[in-house]
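Quick notes on the structure that follows.
The values are calculated or read from the model by the stated rules, or taken from the named source; none is laboratory data. It should be emphasised that the depicted structure is a prediction, and the values quoted were computed from it without experimental measurement. So basically every Cβ, Gly included, is an ideal-geometry build from the backbone, and we count neighbours across all protein chains shown.
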Amino acid sequence: MKKLSMLMLVGVAAYMLVGLAPAVMAEEETASISIELFTVNNTWMLVATFLVFIMHLGFATLESGLTRSKNTVNILFKNIAIISIGLLTYALCGFNLMYPGEFNGYFGFAGFGIATDAAGITSAYNEGYTYWTDFLFQAMFAATAATIVSGAVAERIKLHSFLIFATLYVGLVYPIAGSWKWGGGFLDQKGFYDFAGSTLVHSVGGWAALIGAIMLGPRMGKYVNGAIKPIMGHNMPLATIGVFLLWLGWFGFNGGSVLSADAGAVSFVLVTTCLAAAAGVIGAMLTSWGIQKKPDLSMALNGALAGLVGITAGADVVSISGSVIIGLVAGFLVVISVIGLDKIKIDDPVGAISVHLTCGVWGTLAVGIFSPEHTVATQALGVICYGIFCLAAATTLFGLLKFMIGIRVSEEEEVLGLDISEHGQEAYSGFQIWTTQ
Amino acid sequence: MKKLSMLMLVGVAAYMLVGLAPAVMAEEETASISIELFTVNNTWMLVATFLVFIMHLGFATLESGLTRSKNTVNILFKNIAIISIGLLTYALCGFNLMYPGEFNGYFGFAGFGIATDAAGITSAYNEGYTYWTDFLFQAMFAATAATIVSGAVAERIKLHSFLIFATLYVGLVYPIAGSWKWGGGFLDQKGFYDFAGSTLVHSVGGWAALIGAIMLGPRMGKYVNGAIKPIMGHNMPLATIGVFLLWLGWFGFNGGSVLSADAGAVSFVLVTTCLAAAAGVIGAMLTSWGIQKKPDLSMALNGALAGLVGITAGADVVSISGSVIIGLVAGFLVVISVIGLDKIKIDDPVGAISVHLTCGVWGTLAVGIFSPEHTVATQALGVICYGIFCLAAATTLFGLLKFMIGIRVSEEEEVLGLDISEHGQEAYSGFQIWTTQ
Amino acid sequence: MKKLSMLMLVGVAAYMLVGLAPAVMAEEETASISIELFTVNNTWMLVATFLVFIMHLGFATLESGLTRSKNTVNILFKNIAIISIGLLTYALCGFNLMYPGEFNGYFGFAGFGIATDAAGITSAYNEGYTYWTDFLFQAMFAATAATIVSGAVAERIKLHSFLIFATLYVGLVYPIAGSWKWGGGFLDQKGFYDFAGSTLVHSVGGWAALIGAIMLGPRMGKYVNGAIKPIMGHNMPLATIGVFLLWLGWFGFNGGSVLSADAGAVSFVLVTTCLAAAAGVIGAMLTSWGIQKKPDLSMALNGALAGLVGITAGADVVSISGSVIIGLVAGFLVVISVIGLDKIKIDDPVGAISVHLTCGVWGTLAVGIFSPEHTVATQALGVICYGIFCLAAATTLFGLLKFMIGIRVSEEEEVLGLDISEHGQEAYSGFQIWTTQ
């Protein structure tokens, strides 16, 4: 804890210093569009920002709903911490790592802090929105990547290890990886396409989730004598609230990625997004109903997310029927992936790897299939480049943390639950809960 | 289950085919307004769409909060399924049934699927929004009608029977009925007025809710030896979240029904909407406080919804004081209706019939009272036409389902709860819950 | 109860009368801006209104989550009642007390009711939005002030006493106090600055919360033989939902206070708002982690709110680094204040006094520190004027209520819980809950 506090204080202090002497100045170019259009574009981007913000509540509720009540405080704490750390680190360095301006295509940095001068406030950053809107929208995205990891490592990771990991992953790994495509880097120049982040956000989070789940090992009691013992989530209404909020948030995630309020583009993207989500539910529902002979709520919920992750890479370039097929296949894949990971004993309490990595890869490749302007080969190149970098980065970070301070709580703490052992606080004070939970 | 899967697959397959050869092309007319105004109108309609979307979470939480914990997974499953089925069927046929263009005023169909061509994306569909926005906003509305039914038949209906009913009601009944007014059909030509759907949405759902509740019969233990035994909802915070989200969603439901961002019209509608909701709370609170001698939370919550349903038909044409009176009366009516239905042993677990049908009829007639341009007679004509059609349609659908596959679960399943019997899953794993619940 | 009903009916009746003959007419001035800009400004202000509305759900869930399950129905009831009473009383008199037009700077009143004439609907009220939008945005703010009090007096106040207090505080005290600055009154002329209400909303609610908590005394069992016995909240996911929704709502609270959709101003305000919230979390987390040696979720959550309240007075006039420092200090102060109030035995179940009063004062003074155009002295003058007035008003109101009908429930009722004793209804029917809760 001491170490963590130190690390944070150093970060905060660094921020203070550079914040006072902002390194980046918004360019004072005149907007080539009317003030009216600029204002509506900016307003739309802010609304999209709010929607992406609320995804963090969606992740918090989904993740806590699908896990046990004895680890709920811990999960909620992680989620309020991640959005806060994410916003501050993105202001400190992430934004300028991800959008460095002219650079070599692999790594660039425009300096610490964000601008506070009058130019940054009043002048037009681009045709769509102000410099501040740009920062805030991107910052909300950035924090998402770490939140994805949170679900896969839930119920057994040490809190401070996770917070250090999240800080570095959001502050350094995500923006550097992001610069390769959205910052105009080498993958952008190679024609790789990822509209709103099936790969840049979801698989970047998903790869780290995979490594985290493997390095931590499964929760106690999950795989016993070769049998898979399901550990049920403790609050399905909470999980359902999470999925609806994430779906809502995706209107901003994908709709905002148009980067303007362009009526045709935004509304088209939202139709493909919605139909893919709906098809994802149907796909997962039918698949799990067929396999398990029961209509499974968790699978239906994850089906919606699967469809949403799947459509994210190509929401603007596929056809209506393409979006439905992408969603259906994503719904099928998420169920197969959840079952498959369990078979090879990779324990992912909320299905984050299946939703964000499996369907993130599918969605990225699907652009090559359903959009005539892109090829599967180029898309696969992007998937592979991000996979290698994220696997290396996540393995290094988790490995160092494991070596230095450990990443898994003790058996006693895991049995007791992280709420009591890490926080000394119960999530449902007064309720009678079976001790095994 | 097999039958259901088949039915769905056929639907999905049909969609795939027609989706690939879209039948409807957006007209390539030039917008007569500035690109700026078109963009802000479209942005507003999208925001309204998001708000109507979140109503589905509102319904899911309200309905599960007001019922027993042993049926919670079932209710959540129905709600995530309905929005998904609703969106897909509306894309397949609903949209083109409801807005068929020129037709005989009673039934018209513009073909399967929705357009995906460049014209649909870029050209101006009308002065308010694009073709895609139009579809998405209307699709969110459509799914609402089936969700209303869900509450009244909760805790005892067979899942697959309900899903088939919902699919047909959203895909066929709702859009055909809708075409009579909003599609320019015979009731529109007769001067019937329903701004945002007190009748077209709420009573259409409400009539089916009534038929469903009657044909299923009351839940076991609700009416014993002539006495009414209240069955309490299991989670009042969840129900309260539901009502606040529905109120929020109504800003889009009514505000979006202006069909543009017109500042005066939208803001006026939102003021009448809000004051009616507030007055509904006060009306229901005072009525139930007077009758039951206790301030009843469920009644106060339903009062808000009553006021909202009541103002929906005339939000744009009544005065401020008119909106307050409409809300107060709606709040009074919902309490009386809930008590009255219980007296004649129609068991509606969440009060859906009282909120959506009773107050939907009241709100529609109130337009004739509080708006000088409309008459109670014309409004009553509309109420009656929709009543006859919906009663016939709902009776036919539920009757066929009852005859063919049954609509009510067995006594054992009802006692056990639908979560375990239909889904094999508990909503609150680990919590100790009294067995009678 | 009878008295309450009478009081409300009188209010409603009064409203009916004046509503029918609206006293205020919106001025028919021609807008000096384009219809496009006016429309986007108005749309933005409506979105901000929705966001402030959803803060009421945030308060409801935060407050019920941080208290015991036996008082949950009572808290939810208060919250749905307050927003309803708040909207109606603000329409009846609040709006015209707060914005009286030309007045003596201390007290003015523009008459009962709000306008319903065509001018009010169609003409431009000002460059930012219509008369209706103005009313609705301000009405949502007004109701907030009473909700703040609700948390501090929870679990022991008589329902009808609280409702009468809230009605008078929202309908009279808040708008008169508000007129001094936002209505163009004497503090506005003295140069006092409060952008979005650190003082005008949060400390106005906070002072009443302080007086309420003192006059009621602590909950039974909180302070026993000189020891502080923590009474844990019963539902931490609910509390977390509350904080995220409040953060979301603050985008409208602060962003809407720009009073137009001006791209630079709104986006700048949202960046300072978000960074202050994030810094508040970090500040509270480090402070409580340092003092209590455990990462405390309640403190982290209150840290977000502390940062948000802190930045509210100066969100538009401080620098980026200033906003981070304001948030960090607010996060530190909220923890110290919670601990300090407990030491002097002022029992505030949810920390409302610490969040809204302590950080409201801090945020107001911070404008004098971090904005070169304002002085600490002028800011302190405003803090003192509001403090004296609100302390006097709250003491008078609570004193009269205590004298006339009592403000605290009986010991038996408090032990039993307000849900059963006041409402005859449980929040979690069926769940087994320890009797001490």
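Take the conditions (1) modelled with pLDDT under 95; (2) buried (at least 24 other Cβ atoms within 10 Å of the Cβ); C:Leu259 misses just one of them, which is (2).
Quick grid of which residues meet (1) among the aromatic types (Phe, Trp, Tyr); (2) farther than 17 Å from C:Lys158 by Cβ; (3) more than 7 Å from every other protein chain (Cβ to nearest Cβ):
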site: C:Val47; (1), (2), (3): no, yes, no
site: C:Phe59; (1), (2), (3): yes, yes, yes
site: C:Leu62; (1), (2), (3): no, yes, yes
site: C:Leu66; (1), (2), (3): no, yes, yes
site: C:Phe77; (1), (2), (3): yes, no, no
site: C:Ile80; (1), (2), (3): no, yes, no
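Inspect all residues belonging to segment A:65-73 and state whether any of them is crowded, with 24+ Cβ neighbours inside 10 Å and closer than 19 Å to C:Phe253 by Cβ. The answer is no; no qualifying residue exists.
Considering only residues in segment C:378-425 that are of a type in the set (Gly, Ala, Ser) and more than 23 Å from the chain's Cα centre (by Cα), the one that is surrounded by the fewest Cβ atoms within 10 Å (Cβ to Cβ) turns out to be C:Ser410. Filtered by the rule that a residue be under 15 Å from C:Leu397 (Cα atoms) and small (Gly, Ala, Ser), segment C:146-176 gives C:Ala146, C:Ser150, C:Ser161, C:Ala166, C:Gly171.
Of all residues in segment B:294-308 being of a type in the set (Gly, Ala, Ser) and facing chain C (nearest Cβ under 7 Å), which is nearest to B:His202 (Cα to Cα)? Among residues in segment B:294-308 that are of a type in the set (Gly, Ala, Ser) and facing chain C (nearest Cβ under 7 Å), the one nearest to B:His202 (Cα to Cα) is B:Ala304. Considering segment B:395-437, the residues that are part of a helix (DSSP H, G or I) and among the acidic types (Asp, Glu) include one that is nearest to B:Thr167 (Cα to Cα), namely B:Glu422. Scanning segment A:228-242 for residues that are crowded, with 24+ Cβ neighbours inside 10 Å and either facing chain B (nearest Cβ under 7 Å) or assigned to a loop (DSSP other than H, G, I, E, B) (or both) yields A:Gly233, A:His234, A:Asn235, A:Met236, A:Pro237, A:Thr240, A:Ile241. With the condition kept exactly as written, say whether any residue in segment B:202-222 is within 16 Å of the chain's Cα centre (by Cα), closer than 17 Å to B:Gly105 by Cβ and surrounded by 21 or more Cβ atoms within 10 Å (Cβ to Cβ). No, segment B:202-222 contains no residue that is within 16 Å of the chain's Cα centre (by Cα), closer than 17 Å to B:Gly105 by Cβ and surrounded by 21 or more Cβ atoms within 10 Å (Cβ to Cβ). Among the residues of segment C:154-198, those that are under 20 Å from C:Ser421 (Cα atoms) and either outside any loop (DSSP other than H, G, I, E, B) or touching a helix residue (DSSP H, G or I) at 6+ places or on another chain (Cβ under 7 Å) (or both) comprise C:Ala154, C:Glu155, C:Arg156, C:Ile157, C:Leu159, C:His160, C:Ser161, C:Phe162, C:Leu163, C:Ile164. Of everything listed in (1) farther than 30 Å from B:Ile82 by Cβ; (2) not in a loop (DSSP other than H, G, I, E, B), the single unmet condition for A:Gly151 is (1).
When you scan segment A:268-286, do you find a residue that is more than 19 Å from A:Ala306 (Cβ to Cβ) and assigned to a helix (DSSP H, G or I), even just one? Explain how you work it out, then say what you get.
Step one: of segment A:268-286, the residues more than 19 Å from A:Ala306 (Cβ to Cβ) are A:268.
Cutting the leftovers down to assigned to a helix (DSSP H, G or I) gives us A:268.
Within segment A:268-286 (the criterion being more than 19 Å from A:Ala306 (Cβ to Cβ) and assigned to a helix (DSSP H, G or I)), the answer is yes, since at least one residue qualifies.
Within segment C:283-317, being touching a Phe, Trp or Tyr at 6+ places or on another chain (Cβ under 6 Å) and among the basic types (Lys, Arg) holds for no residue.
For segment B:339-360, does any single residue satisfy the condition of being under 19 Å from B:Ala265 (Cβ atoms), in a helix (DSSP H, G or I) and touching a Ser or Thr at 6+ places or on another chain (Cβ under 9 Å)? No - not one qualifying residue is present in segment B:339-360.
When segment B:168-212 is filtered for residues that are of a type in the set (Gly, Ala, Ser) and either in contact with a Lys or Arg (Cβ under 7 Å, 6 or more places away or on another chain) or on the phi > 0 side of the Ramachandran plot (or both), the ones remaining, listed by number, are B:Gly184, B:Gly191, B:Gly197. Would a scan of segment A:358-372 turn up a residue that is within 14 Å of another protein chain (Cβ to nearest Cβ), over 19 Å from A:Asn254 (Cα atoms), at pLDDT below 95 and out of contact with any Gly (no Cβ under 7 Å at 6 or more places or on another chain)? Yes: one or more hits. Looking across segment A:80-92, the residues that are buried (at least 24 other Cβ atoms within 10 Å of the Cβ) and touching a residue at least 12 places away in the same chain (Cβ under 8 Å) come down to A:Ile80, A:Ala81, A:Ile82, A:Ile83, A:Ile85, A:Gly86, A:Leu87, A:Leu88, A:Thr89, A:Tyr90, A:Ala91. Checking each residue in segment B:339-368 for being out of contact with any Leu (no Cβ under 8 Å at 6 or more places or on another chain), β-branched (Val, Ile, Thr) and buried (at least 24 other Cβ atoms within 10 Å of the Cβ) picks out B:Val361, B:Thr364, B:Val367.
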